Amino acid sequence: MQVILLRRTMGFVLTLIAVSVIVFAVMNVLPGDPAITILGIDSTEDARAALRAELGLDRPVWLRYLDWVWHAAQGDFGTSYFFRVPVTELITERLPLTLSLALAGMTVTVVVGITLGMIAAARHGTFGDWAIMLFSQMGIAVPAFWLSILLVLLFAVGLRWLPPGGFPGWDEPLLAARSLILPTTALALVQSAVLARVTRSSALEVMRLDFVRTARATGLSRWRVLRRHILPNALVPIVTIVGMQVAAVVTGTIVIENVFYLPGLGRLIFQSIANRDLFTVQALVVLFAAIVVTANFLVDIAYVLIDPRLKGRMT
Amino acid sequence: MIEANDITVRFGTAEALRGINLTLSPGQRLGIVGESGSGKSMLGLSLMGMLPDAAGMSGQIRIDGTDMTGAKIASWRAIRARKVAMIFQEPLAALNPLRRVGNTVMEPLRQHLGHSKDAARARVLQLFEETGIQDPVAKFRQFPHELSGGQRQRVLISLALACNPKVLIADEPTTALDAHVALRITDLLVRLAEERGMALVFISHDLAAVARTAQDIAVMYGGEIVERGPVHAVLSSPHHPYTQGLLLARPALGAGHLRERLPVIPGTVPAMRDLAVGCRFSGRCAVELPHCATERPASRPVGAHHDAACHRIGAAT
Ligand SMILES: Nc1ncnc2c1ncn2[C@@H]1O[C@H](COP(=O)(O)OP(=O)(O)OP(=O)(O)O)[C@@H](O)[C@H]1O
Ligand code: SF4
Ligand SMILES: [Mg+2]
């Protein structure tokens with residue numbers, strides 16, 4: 001177990017380094033100059049040069065990268081070119097919103113996806129199964145972006161039940177929660193559709209196994225057989241997909257926050273790329289990558305917790 | 001204990017079981033033999049209300065005084081484990097791989113008998129003891145893949161016995177096991193049936209195992225019971241040509257060939273839908289009569305508690 005943990009930690013660090021190198025390179029290869037973005041196109045070349053020197057942009061790329069790594073390792077992600085405040089501050093301000101959105105999205109995905117999938121499997125071949133699969137087929141086919149607009153048109157513009165976008169801040173928890181309902185729905189609908197499919201097919205496969213027959217022969221109720229015998233054995237593919245969905249949901253917040261005008265990290269990364277705000281982009285990409293890698297690590301731990309047969313084999 | 005009348009199971013138009021009559025008294029041990037596809041498992045499953053969804057069943061079943069004819073799934077659930085229990089062929093596959101075996105056996109005790117955790121646990125240890133599982137406390141916490149084949153089957157037997165059923169149906173419980181382990185399991189089943197006054201339906205390919213386990217034997221062919229009677233009577237004077245074929249084709253019983261599979265009779269079992277409407281054995285029978293293929297032979301007594309269904313019986317030949 002310690003060996004796994006050590007290997008995992010190394011993989012984690014290597015992934016983050018690779019991701020940061022790529023972002024650094026891409027941001028430098030792309031045309032455009034932060035100095036122009038900040039000062040405007042009618043600024044003088046002297047003023048731009050002065051700003052570049054101030055920002056340290058006149059030094060070679062590799063040196064700037066090493067400098068960044070050195071400070072990042074100490075928790076200092078630099079100062080945003082554009083906002084002129086520490087990147088860490090920018091992120092900590094916006095993190096709660098994005099985290100809430102992602103957590104709510106994952107929770108809805110897991111609850112709705114697994115429930116619908118199990119119901120479809122239990123009602124295999126009936127109208128209920130058919131209806132759930134139709135819903136899930138539609139959910140998979142619809143892009144989250146388009147779905148968001150539909151939701152806004154229906155529930156905000158048409159029915160006026162919910163706000164079309166924006167975020168009132170955390171001082172009003174109820175209003176804050178209300179403004180997250182549509183974004184969460186838009187984020188989770190597609191993912192729960194995917195998860196429902198995976199759950200259904202995995203459960204159908206498990207249902208044919210002998211121990212399910214034993215459970216039925218023991219006189220257990222249908223619901224109990226489903227929940228205590230079929231679902232746990234169907235979990236491995238489900239957990240695999242859920243791990244991938246964490247990545248999808250975290251990156252999905254970028255689109256969703258922009259559609260719904262939510263001041264979170266997704267919107268920040270969007271603005272920062274447009275403003276060529278290297279340090280902010282860099283820190284955000286590393287943060288997103290860290291979340292995804294951590295999710296994958298948790299999935300691997302989950303496998304062993306689910307299936308005792310794997311314990312001996314994982315080294 | 002069990003009274004089954006004219007049980008017929010159909011898949012579409014094909015009949016997997018045809019007109020099965022069966023009675024079982026408390027403590028009686030009935031062996032069922034027959035080639036693969038003869039309907040042994042279907043018969044077992046029909047007594048549990050566990051036929052595949054595609055199957056249609058007709059006929060009457062009474063179990064321990066309760067009429068189960070056309071019973072709903074909920075009524076079947078109420079008697080499973082508590083009146084009729086069943087164990088299956090492949091003990092590893094038959095156990096939930098993710099649960100400790102002790103928890104698996106505890107489940108019906110908690111669900112059906114409302115035992116507390118501690119009471120259920122104590123009862124499981126007792127059952128493990130009763131079914132000859134060494135070191136029950138340690139085994140309780142093990143997963144199926146950590147046990148041997150024989151131990152797994154003992155766990156499944158403990159599970160089946162948890163709610164003290166009146167009837168235990170064992171569908172080829174020893175086929176997947178080593179010969180000496182198989183012997184111990186069959187002896188265990190006999191002992192348990194005797195001690196508990198529990199009826200046992202022992203389904204097997206293995207004539208020797210049936211002879212060792214059962215008092216009575218039913219020979220199945222093509223979804224029918226073609227001959228039935230006390231084990232020694234059927235084996236020493238078989239009346240149905242199919243039974244005779246089975247016995248002729250195999251070495252003398254008790255000559256050490258304990259794991260003998262059913263021997264080969266010329267020809268193979270036809271597909272279910274190609275079976276003759278008359279005697280199921282016609283076409284493969286060496287002593288067939290002209291009307292065998294079209295007329296169904298009735299079951300006739302050929303000795304004390306011994307009957308067979310063949311047109312040859314009682315006919316002047
Ligand atoms: N779902 C099904 N659909 C159609 N036919 C089926 C189905 N299940 C079983 N059968 C048929 O029912 C017949 C009886 O099968 P059964 O499993 O009872 O035989 P068996 O005597 O137990 O054989 P074995 O010794 O191989 O276990 C077989 O001919 C089989 O093909
Ligand atoms: S009824 Fe006819 S075909 Fe069937 S076993 Fe008897 S003799 Fe053979
Ligand atoms: Mg069978």
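Just to check, using Stokes-Einstein with a Kirkwood Rh over alpha carbon pairs, what's the diffusion coefficient of chain A at 4 °C and 1.567 mPa s in µm²/s?
Calculated translational D: 58 µm²/s.
Quick one: the Cα spread of segment B:172-224 along its three principal axes, in angstroms, biggest first?
The Cα atoms of segment B:172-224 stretch 33, 28, 14 Å along the principal axes, largest first.
Return the sequence-ordered ³J(HN,Hα) values of segment B:88-104 in whole Hz as given by the Karplus equation 6.51 cos²θ - 1.76 cosθ + 1.60 applied to θ = phi - 60°, using x for Gly and Pro.
These are the phi-based 3J(HN,Hα) values: 10, 5, 9, x, 5, 5, 7, 10, 4, x, 9, 10, 5, 4, x, 5, 4 Hz.
Just counting partner chain Cβ atoms within 10 Å, what average do the residues of peptide A:218-230 show around their Cβ?
Details: counts 16, 17, 7, 4, 3, 0, 2, 0, 0, 0, 6, 5, 1.
Rounded to a whole number, the mean comes out at 5.
Taking the alpha carbon gyration tensor of segment A:1-113, what are the square roots of 5 times its eigenvalues, largest first, to the nearest whole Å?
Largest first, segment A:1-113 gives 34, 21, 13 Å.
Report, in deg cm²/dmol and to the nearest 500, the calculated mean residue ellipticity at 222 nm for chain B, where each DSSP H run with n ≥ 4 adds -39500 (n - 2.57) and the sum is divided by the residue count.
Details: 10 runs with 97 residues, N = 317.
When only DSSP H runs of four or more count, the value is -9000 deg cm²/dmol.
Once amide H atoms are built 1.01 Å from N in the peptide plane, which residues 5 or more positions from B:Arg18, or in another chain, come under 5 Å H to H?
B:Val9, B:Glu224
For the protein assembly as shown, which whole-number percentage of the solvent-accessible area (1.4 Å probe, protein heavy atoms only) is attributable to carbon and sulfur atoms? Walk me through the numbers before you get to the answer.
Working: 18120 of 29300 Å².
C and S atoms contribute 62 percent here.
Just to verify a number: FRET efficiency for A:Val304 and B:His291, C-beta to C-beta distance, R0 = 60 Å, to 0.05?
E(calc), rounded to 0.05, equals 0.35.
What list of ³J(HN,Hα) values in whole Hz, one per residue of segment A:164-177 in order, does the Karplus curve 6.51 cos²θ - 1.76 cosθ + 1.60 (θ = phi - 60°) give from phi, with Gly and Pro shown as x?
x, x, x, 9, x, x, 7, 5, 10, x, 5, 5, 4, 4
Would you work out the relative contact order for chain A, in percent, from Cα pairs under 8 angstrom that are 6 or more residues apart?
It rounds to 26 percent for chain A.
B plus A alone minus the pair: what accessible area, both sides summed, probe 1.4 Å, in Å² to 100?
Numbers: alone 14020 and 17340 Å², together 29300 Å².
Buried area (both sides, nearest 100 Å²): 2100 Å².
Report, please, the projected area of segment A:94-276 averaged over directions, based on the convex hull of its C-alpha atoms, in nm².
So the mean shadow area of the Cα hull is 12.2 nm².
If you place +1 on the Cβ of every Lys and Arg and -1 on the Cβ of every Asp and Glu, how big does the dipole about the Cα centre of the protein assembly as shown come out, in debye to the nearest 20? Each step should come with its number before you reach the end.
Details: 60 positive and 48 negative charges, 313 e Å.
Using only the charged Cβ atoms, the result is roughly 1500 debye.
Simple spin-label model, 7 Å along Cα-to-Cβ: A:Asp210 to A:Ile41 in nm?
The answer from the label model is 7.5 nm.
Order the following by accessible area, largest value first: A:His229, B:His232, A:His71. Probe radius 1.4 Å; ligands, DNA and RNA are ignored.
Largest accessible area first, the list is B:His232, A:His71, A:His229.
Would you mind working out the accessible area per residue for segment A:40-145, using a 1.4 Å probe, and quoting it in Å²?
57 Å²
Could you tell me the convex hull volume per residue, in Å³, taken over the Cα atoms of segment B:59-180?
118 Å³
Using only alpha carbon pairs under 8 Å that are at least six residues apart, calculate the relative contact order of segment B:76-157 and give it in whole percent.
Averaging sequence separation for qualifying contacts and normalising by length gives 41 percent for segment B:76-157.
Taking H as built 1.01 Å from N, whose amide H comes closer than 5 Å to the amide H of B:Tyr221, not counting residues under 5 places away?
B:Val226
How would B:His180, B:His291, B:His240 rank on accessible area, largest to smallest, probe 1.4 Å?
Result of the area sort, largest leading: B:His180, B:His291, B:His240.
Over all distinct alpha-carbon pairs, what is the Kirkwood Rh of segment B:133-245 in angstrom?
Taking the inverse mean of 1/r over all distinct Cα pairs, segment B:133-245 comes out at 15.5 Å.
GNM, chain A, Cα, under 10 Å: largest mean-square fluctuation among A:Ile269, A:Ile38, A:Ile91?
Looking only at A:Ile269, A:Ile38, A:Ile91, the biggest GNM fluctuation is shown by A:Ile38.
Label segment B:39-103 by shape, choosing from rounded, prolate and oblate, from the square roots a ≥ b ≥ c of the eigenvalues of the Cα gyration tensor; if a/c is under 1.5 it is rounded, and otherwise prolate applies when a/b is larger than b/c, oblate when it is not.
prolate
Residue by residue through segment A:192-209, which ³J(HN,Hα) values in whole Hz follow from phi under the Karplus form 6.51 cos²θ - 1.76 cosθ + 1.60 (θ = phi - 60°), with glycine and proline marked x?
Taking θ as phi minus 60°, the curve returns 5, 4, 4, 5, 4, 4, 4, 4, 4, 5, 5, 5, 4, 5, 5, 4, 7, 6 Hz for segment A:192-209.
Taking a 30 Å limit on the Cα-Cα distance, which of the listed pairs B:Lys40/B:Lys139; B:Lys139/B:Lys166; A:Lys311/B:Lys40; A:Lys311/B:Lys166 fall beyond it?
Values: B:Lys40/B:Lys139 32 Å; B:Lys139/B:Lys166 26 Å; A:Lys311/B:Lys40 39 Å; A:Lys311/B:Lys166 40 Å.
Where the Cα-Cα span goes over 30 Å, the pairs concerned are B:Lys40/B:Lys139; A:Lys311/B:Lys40; A:Lys311/B:Lys166.
From Cα coordinates alone, what are the radius of gyration and Dmax values for segment B:1-71 in angstrom?
11.9, 36
Quick one: if you take sqrt(5λ) for each eigenvalue of the C-alpha gyration tensor of the protein assembly as shown, what semi-axes come out, biggest first, whole angstrom?
Over the Cα atoms of the protein assembly as shown, the ellipsoid semi-axes are 71, 26, 22 Å.
Dipole magnitude of segment A:15-146 about its Cα centre, charges +1 at Lys/Arg Cβ and -1 at Asp/Glu Cβ only, in debye to the nearest 20?
480 debye
Express the Stokes-Einstein translational diffusion coefficient of chain B in µm² s⁻¹, to the nearest whole number, given a Kirkwood radius over alpha-carbon pairs, 25 °C and a viscosity of 0.890 mPa s.
Details: Rh = 20.4 Å.
Taking Rh from Cα pairs, D becomes 120 µm²/s.
Can you give me the accessible area per residue for chain B, using a 1.4 Å probe, in Å²? Display every interim value, and only then the final one.
On the way: 12990 Å² over 317 residues.
Value for chain B: 41 Å² per residue.
Enter the angle in degrees (range 0 to 90, nearest 10) between the Cα long axis of helix A:265-274 and the first principal axis of the Cα atoms of chain A, meaning the one along which they spread out most.
40 degrees
How much net charge surrounds B:Phe143 when only the other residues with a Cβ under 9 Å from the Cβ of B:Phe143 are counted, with Lys and Arg +1 and Asp and Glu -1?
Summing Lys and Arg as +1 and Asp and Glu as -1 gives +3.
The values are calculated or read from the model by the stated rules, or taken from the named source; none is laboratory data. As the structure is a computational prediction, the values presented were derived from the model and not from experiment. Positions of Cβ are backbone-derived with ideal geometry, glycine not excepted, and every protein chain shown enters the neighbour counts. Surface accessibility is based on the protein's heavy atoms, side chains included, excluding ligands, DNA and RNA. Shrake-Rupley method; radii C 1.70, N 1.55, O 1.52, S 1.80 Å.
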